[in-house]
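One structure below.
The values are calculated or read from the model by the stated rules, or taken from the named source; none is laboratory data. Given the structure is predicted, the values throughout are model-derived calculations rather than measurements. Don't worry about glycine lacking a Cβ; one is built from the backbone with ideal geometry, like all the others, and counts go over all protein chains shown. What goes into the accessible areas is simple: the full protein's heavy atoms, side chains included, and nothing from ligands, DNA or RNA. Shrake-Rupley method; radii C 1.70, N 1.55, O 1.52, S 1.80 Å.
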Amino acid sequence: FADGDRALAPRASNGFLVASIDEEDTQATLSPAGVGNLEYPSSGYVAIGGKEICAFTRSGDTLTLTRSVTVPGTTFQTEVQAHDAGSRVQLCLVYQAEDPADIIADLLENYAGVPSEYIPIDDWRTETATYLQTLYTTLIPEPTAVRKLVSEIIQQAALAMWWDEAERLVRLQVVRPIPTTADVFDERTIVEGSIKTKEQPESRVSDVLTYFAQRNPLRPVDESDNYRSAILTADVEAIDEYNGRANKIIHSRWIPFGARSVAERLNNLILQRFRDPPRRINFDVWRHGPSNVLRGGGYQIGWTANQDSMGNKVLAPVQVTRLDPGHEFYGVEAQEMLFKALDPHDVLNRVIVVDSAILNFN
């Protein structure tokens, strides 16, 4: 549903300027006739010719423009310039201080056509309110694949998302350590000889560099000089331990100016999760055995070969990422959920860091 060949957000607008406008004009007329009522709301933001973002109010096909506009909660601003007749007028999609549960639900339902009955939004909001309590802001000026936008939110808010076939629901979870009290799978419940592990050294991360506070949303997201702020977090011990760095760079359109603490939390979570590369673990469990296994579920798994440095048998925390039902057993694929330490991020006390000179910042 969300793939780029099926779903774009915002949807492409058909309106264009019927006449040229210069830097002083505050009104513009859309063509073809009637497109205003068909495709444009009474107010919002538009990108004209892919060069300038303006706020607008609309009456019929006539737009009253606010030039050199800054979207509240952001530092977005584009240069005022003249536009030729025929310049396209693309309606922008704006999220201002939104819960990621609501952002993803809006993208999937209203732009990808996912039926609302598949999205348990109350469960999603409870999850984010309990374990995240962070809001995100952005302006999307051009039609963009919904899959790309949702994937960005999943990464930058540290979420997991999957399809629950049994309940016919899309599940959403804030990534966090697997509790030691989780159900255990071991030789008593795992089909003999079915455990296979795969090392994933390419997933290791020692340094995370997150760019945030995007300047101009009309420029490509991955241009580093298009961001006002950045934060680098490194694990020096891991660099020494693994004899080298493993860098990860994130360009976040979703983390606005002032949200340094949000970017710092993201860096810390990625380091805690991938400082040591997690293993992929495959095993089978009897379909009608004593323990039930669910896709997306968190468990502890133990087997004889899984030992600590002293040779003691230990449990590995895992999250199930694939579940293949067979006639006699389930084929399970899981990712090891390693966390160096629990994220100390305070979800109740907010800190806004104004880390550079700025005027009229809301």
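Observations on the model:
- Rounded to two decimals, the Cα-based Rg/Rh of segment 149-205, with Kirkwood Rh, is 1.05.
- Hydrodynamic radius by Kirkwood, which averages 1/r over all alpha carbon pairs of segment 219-262, in angstrom: 12.6 Å
- At q = 0.18, 0.22, 0.23, 0.24 Å⁻¹, base-10 log of I(q)/I(0) for segment 39-125 (Debye sum, equal scatterers on each alpha carbon): -0.88, -1.07, -1.11, -1.16
- Cα Rg over Rh - segment 250-362, Kirkwood: 1.16
- Percent of C-alpha pairs per 5 Å bin in segment 170-287, short distances first: 2, 10, 14, 14, 16, 14, 11, 8, 5, 4, 2, 0.
- Excluding ligands, DNA and RNA, the accessible surface per residue across segment 174-245 is 57 Å² with a 1.4 Å probe.
- Entry comment: accessible area of segment 1-142 is 45 Å² per residue, from protein heavy atoms only and a probe of 1.4 Å.
- Cα centroid separation, segment 176-202 to segment 39-67 (Å): 54 Å
- About its Cα centre, the chain has a charge dipole of approximately 240 debye under the convention of +1 per Lys or Arg Cβ and -1 per Asp or Glu Cβ, with nothing else charged.
- Equivalent ellipsoid, segment 183-235 (semi-axes from 5 times Cα gyration tensor eigenvalues, Å): 44, 13, 11
- Placing +1 on the Cβ of every Lys and Arg and -1 on the Cβ of every Asp and Glu, with no other charges, gives segment 186-337 a dipole of roughly 620 debye about its Cα centre.
- Remark: the Thr304-Glu202 segment gains 34.1 nm on full extension, using 0.36 nm per residue and subtracting the alpha carbon distance.
- Cα centroid separation, segment 88-133 to segment 268-323 (Å): 31 Å
- Projecting the Cα positions of Phe185, Leu172, Ile195 onto the charge dipole of segment 134-206 (unit charges on Cβ atoms of Lys, Arg, Asp and Glu, taken about the Cα centre) puts Leu172 furthest along the positive direction.
- Length gained on full extension, Ile154 to Ile249, computed as 0.36 nm times the residue gap minus the Cα-Cα distance: 32.6 nm.
- With the simple model of a label 7 Å out from the Cα in the direction of the Cβ, Ser43 to Ser59 spans 1.5 nm.
- Here the calculated FRET efficiency for Arg6 and Asp186, from their Cβ-Cβ distance with R0 = 45 Å, stands at 0.55, rounded to the nearest 0.05.
- Segment 62-169 - charge dipole about Cα centre, Lys and Arg +1 at Cβ, Asp and Glu -1, debye rounded to 20: 520 debye
- Correct choice for Rg and Dmax of the Cα atoms in Å that was computed from the model, options (i) 24.2, 78; (ii) 21.4, 63; (iii) 22.5, 76: (i)
- Angle of helix 146-156 to the longest C-alpha principal axis of the chain, folded into 0 to 90 degrees and rounded to 10: 60°.
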